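Derivation of every value follows stated rules applied to the coordinates shown; laboratory data play no part. Not measured: the values here are computed from a predicted model. Cβ atoms come from the backbone with ideal geometry, glycine included; neighbour counts cover every protein chain shown.
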Amino acid sequence: MAFVQLLISGISLGCIYALIALGFVLIYKATETVNFAQGELMMLGAFGGLVLMKLAGWSFWFAAPLAVVGMFMFGMALERLVIRPIMGQPQFTIVMLTIGVGYTARGLISMIPEIGTETHTLDVPYKGEVINIAGAVISLEQVAIIGVTAVLCALLYLMFRYSKLGIAMQATSQNQLAAYYMGIPVRRINGLVWGLSAAVAALAGLLLAPITFVHANMGYIGLKAFPAAVVGGFGSLPGAIVGGLVIGLVEAFAGFYLPEGFKDIAAYVVVLVMLVVKPNGLFGGNLRKKV
Amino acid sequence: MTPNLSTGTSGTPLLVARDLSVRFGGVLAVNQVSFEVQRGEVFTLIGPNGAGKTTVFNLISRIYTPTTGTLHFEGQLLSDKPPHDIAALGIARTFQNIELFENATVLQNLLIGHHIHRGAGFWSNLFFTRASRDAELAARLSAERVIDLLGLQPLRDSFVAGLPYGKRKVVELARALCMRPKLLLLDEPSSGLNVEETEDMAWWIQDIKTELGITVLMVEHDMSLVSRVSDRVLAMNQGEVLALGTPAEVQAHPGVIEAYLGSVDDVSSLRRAAA
Amino acid sequence: MRFIFKTDYAQDIALVKHNGQAFWYGLLVLVMLAAPFWAGDYWLSQLSFVLIYAVAGLGLMVLSGFTGLASIGHAAFLGVGAYVQTVLSAKGWPFPLTMALAAGLSAAVGVVVGLPALRVKGIYLAIATLSAGFIVEEVLARWESVTKGNAGISVTSPQFFGADLGSSEAFYYIALGTCVLVTLAVLNLLRSATGRAFIAIRDSEVSAQSMGIHLAGYKTLAFALSAAIVGLAGALYAHKLRFISPDQFGIQQSVDLLLLVVVGGLGSVHGAFLGAIFLITMPQLIAMGKDWLPPAIGQATGLQAVVYGVVLMAFVLFEPMGLYGRWLKVRTWLQLFPFYRRGLFKRQKSYAKSERLK
């Protein structure tokens, strides 16, 4: 039954990667910028939930949604203050800026005495409980991760497909100037996209917290989400999910079947193979520039 | 030997396109296009937008591969050559939406145009040996000749990023000339230029043909420029050839008139009944 | 205000454009040569670090600044160079040979890393280099028979046919010599066809191709060259630190290198030097500033990260041309005084436009 066990843990880890990758791809689809601080946003979301629960004493079911909403606002503020001034600059510049944001966020959190420097546990109500399926032991935390990811994907799909907001987001990503001309409130859309992305990251952080605990270096997991986004194809939302699952499964199985150390780099090997075989990812479109 | 302008049958043609077709997904962008470009002439492609003219250029530059049909340059088959070998064959092009090197100076752009004649390789460059030095001096001499021809002296050390559109078009042309090509592909050379700049462009195209002996294949919309400089014109519409001949012949061709202006039937419904 | 009248092409090609440059650079060279005499032990050591990071910065600058290929895993090459140098120096091989081999093997790794990078651009390239960086770091950690793995390995001094060059003065001259040679090599490339080909690839790949520049060939060359230069820096780094371990060549170091080139000024040789000076002096300044801050902030572990992050953000937002750009503006102000206009270096407002077709 090790296989089923690995499958489940691979899928649940993959869902975390998928959620973070989803955040990247949302921002990339809307503004063609890459947010290297996505992992740190996830970390901030987890800390937000922790603080609300520990200091304010609120229950998880109250603190968690509040943390998500809080991160939504934070994402919008971040876009307004930091990202907006350099819209239109080459990609490299924006990447460097987000790296800077990540550094600063990580540093600031670890400067807060007691909270930032220690590792904390997040007391989720479903912690520690397990269920048995086909002989495999699955923790409720993993079920929660998979379930929430599935629901979120469905909601996002509906939004992008059927709502004006979703179409507006796609328009601003393809040609900002034209979007302005069409009367789309580009700046507000960008703010909303960043807010949404930060909220998704916060959700990932809250779901991940029971497994990895809450600490300032949580964001490094976000680095693994990049391979996920690349494998799926950077401009594709379903791609992010599939990519995340692929990476999660590869890691789970590599950790079990391959010698020590392969687990850590399995994701990166997959990326390099993918870039050689299918550079645009599984779902990515053709990237040729028209001249 | 003056070429026979209507049918172009003097000597071996420089570029031969036979039954060229290219399909992008469901769209047949170019459909069974055939033409020949004679050495030393100015050959123009005209047609409404979307006719496939720039696509033909991209086929020649090997940015696209034809689905069927062949392209021969000086007798050699083009379709098995990678894009970076086209320059060495002697084909240079300008781009419709200017593709200059924005963060470099005009002079550097021209020197990059000279790349295929560079003479010295990586290791020689690394230690800047005599060979590199001589290659550099030769490159600059070549670039200066083009600068003189097109009057770019005041802009030599300006960064392209700050130049106005009209000047950029001239730099794009200059860069292509630095390649010392046999065939020059000009993609809409007068688009975005005002009357004076278009006038200059016309003179330059004529100079390129007579003084430099370069064959010119161009895509153009400005009919006065086309009539003035072209030896022969090919009219295209929706990926197909409509007419081939001298500018006067093609402009009088009924199919061409219909493609540009529409037919009598299209406007007859707008005619008011006599009172 | 200096007007340079160019009378022949050789003048345009020369490395030193006019007497003023000759004077100042000459003075700089003399000062640097005499450093062991006027600088104390501590400052000599810091200067050596600056030289090492300047070389590394030049390597990354060639790839990212001049060829436009972003790399977030460059510390991998630093590591390869460092370990090659360590292993061969321990065998007693002369340092020019070991350094050449460090550069050569690093270049080979660079070619391998560059392979998946040839077909992709932008963010995909950055992720590819990030991945390669992690993989190399892990390999260095696992290949214990050679590298002694995570335990780290101590480094012997540079050897030269029996002479032990481990003293800080001798090492300083080795570092200075390497730095000067690398700088001259890069400047030579930039004023010749190869360097221009790199710039062409950065600015417009389609155009470069139609000019006859073989994209895959030149990109591979850029990777190999960049890796070789950073490998040299790694070799020097190993000797300086005297003890290396794989975790020194991870993502932190890669981001430090990126910080170096961005703060220094992307796309300029001066930028590598200014960035290196910045990277070495920043921790000093933080250490000095700590005493002025209240203990809660000053002693916190995250202070360095915050300062780095804020400085990086500030440069990207307000001074994208980096320290060198700021110097250019200051110099122009001085030259044009009092006619300097604020709009001289104004960035064009640009709108984001997707390069994707879908």
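General remarks:
- For chain B, DSSP calls about 55 percent of its internal beta bridges antiparallel.
- Among the residues of B:251-257, the average count of other protein chain beta-carbon atoms within 10 Å of the residue beta-carbon is 0.
- Gap separating the Cα centres of region C:309-343 and region A:1-57, nearest whole Å: 39 Å
- Taking amide H as placed 1.01 Å from N in the peptide plane, B:ARG93 has its amide H under 5 Å from the amide H of B:LEU185, each at least 5 places away in sequence or on another chain.
- Proportion of all alpha-carbon pairs of chain C beyond 31 Å (%): 38 percent
- Cβ neighbours within 10 Å from other chains - mean over A:107-115: 5
- When peptides B:148-155, B:224-231 are sorted by average Cβ neighbour count within 10 Å, with the highest value leading, the order is B:224-231, B:148-155.
- HN-Hα J in Hz across region B:231-246 - Karplus 6.51, -1.76, 1.60, θ = phi - 60°, x for Gly and Pro: 8, 9, 10, 10, 9, 10, 8, 6, x, 10, 7, 9, 7, 9, x, 6
- Percent of C-alpha pairs per 10 Å bin, region B:105-180, short to long: 21, 48, 25, 6
- Structural size metrics of the protein assembly as shown, computed from C-alpha coordinates, are Rg and Dmax of 30.7, 113 Å.
- Within the protein assembly as shown, percent of DSSP bridges classed antiparallel, to nearest 5: 65 percent
- Most mobile listed residue (B:TYR165, B:TYR260, B:TYR64) in chain B, GNM with C-alpha springs under 10 Å: B:TYR260
- The residue list A:THR149, A:ILE94, A:GLN174 was ranked by how far each Cα lies along the charge dipole of region A:2-219 toward its positive end, using unit charges on Cβ atoms, and A:GLN174 comes out on top.
- Shape call, region A:1-133: gyration tensor on alpha carbons, a/c limit 1.5: oblate
- With one equal scatterer per alpha carbon and no solvent term, the Debye-computed log10 I(q)/I(0) for region A:215-291 at 0.28 1/Å reads -1.23.
- With the highest mean first, a sort of the peptides A:168-181, C:34-47, B:21-34 on other beta-carbon atoms found within 10 angstrom per residue produces A:168-181, B:21-34, C:34-47.
- Placed amide H near B:GLN238: partners under 5 Å, 5+ positions off or other chain: B:ALA51
- Cα long-axis angle, helix B:195-210 against chain B (0 to 90 degrees, to the nearest 10): 70 degrees
- Of interest is the spacing of the C-alpha centroids, which for region A:95-148 and region C:257-277 amounts to 36 Å.
- 3J(HN,Hα) along region B:187-194, derived from phi through the Karplus expression 6.51 cos²θ - 1.76 cosθ + 1.60 where θ = phi - 60°, amounts to 9, 6, x, 9, 5, x, 9, 7 Hz, with x in place of Gly and Pro.
- Of the peptides C:333-342, C:50-59, the ranking by mean beta-carbon count within 10 Å, highest at the top, reads C:50-59, C:333-342.
- Averaged over B:101-114, number of beta-carbon atoms from partner chains that fall within 10 Å: 5
- All other residues whose Cβ lies under 11 angstrom from that of C:GLN253 are scored, Lys and Arg at +1 and Asp and Glu at -1, for a net of -3.
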